[in-house]
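The values are calculated or read from the model by the stated rules, or taken from the named source; none is laboratory data. Since the model is a prediction, treat every value here as computed from it, not as a measurement. Note that we place each Cβ from the backbone using ideal geometry, even for glycine, and neighbour counts take in every protein chain shown. Protein only, heavy atoms only, side chains kept; ligands, DNA and RNA dropped before computing areas. Shrake-Rupley method; radii C 1.70, N 1.55, O 1.52, S 1.80 Å.
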Amino acid sequence: MFAIITGYFLAIFGTLLLAGGVWLAVLGGTLAYVGLGAGWLISGVLLILRRRAALAVYALLLILTLIWALCEVGLDRWALLPRYALFSLFGLWLLMPWIDAALHPEAHALRNRGWFGARGALAVTVCLALVLGLVSLAHDPFGIAGSLPRGAGPETSAAAAAPAADWTAYGGNGRGE
């Protein structure tokens, strides 16, 4: 039941993402959203059909999303995480036992059980997404650490005229001291 509902959600969201991606491509933007939408749509249809291949398609989609996001913005966490966080959370949802239990084992059933096969590939990809997120948190692409010089700015007339108990600015003066 959860797998089928999730499949419908992925199919609907994939269709919307595909349509928006086509529109963006027509306007001269990236083709990435066309691929992402198609991947979500295919994965959703496979989930509706209760095929384990949906997990493999989603794993491939997620790894391609990670590569695309990393190539596009590097390790800038504020630009990187919005590009793949939702996809990673959905990958984690697909690993839940109530989704996996509803999927039919396909050919080579021994390879599809446990953490081997499509489920294992998706688990590894979700872990890679987590590692990429943690690495991006430790990386600061802007390097804005520093200090302000003491006493560099002149006092404003309003701050100088204000009584000591009535601060017009933080710290009682225009420099925040």
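Points to keep in mind about this one:
- Top-ranked residue in region 21-65 [being assigned to a loop (DSSP other than H, G, I, E, B) and within 28 Å of Asp140 (Cα to Cα); ranked as nearest to the chain's Cα centre (by Cα)]: Thr30
- Out of Trp93, Trp98, Trp68, sole residue that is within 30 Å of His139 (Cα to Cα), open to solvent by 70 Å² or more (accessible area, probe 1.4 Å) and touching a residue at least 24 places away in the same chain (Cβ under 8 Å): Trp93
- Of all residues making up region 71-81, the number that are open to solvent by 60 Å² or more (accessible area, probe 1.4 Å) and either within 14 Å of Thr30 (Cβ to Cβ) or at pLDDT 85 or above (or both): 2
- Filtered residues of region 19-65 (kept if free of Cβ contacts under 8 Å to residues at least 40 places away in the same chain, open to solvent by less than 10 Å² (accessible area, probe 1.4 Å) and aromatic (Phe, Trp, Tyr)): Trp40
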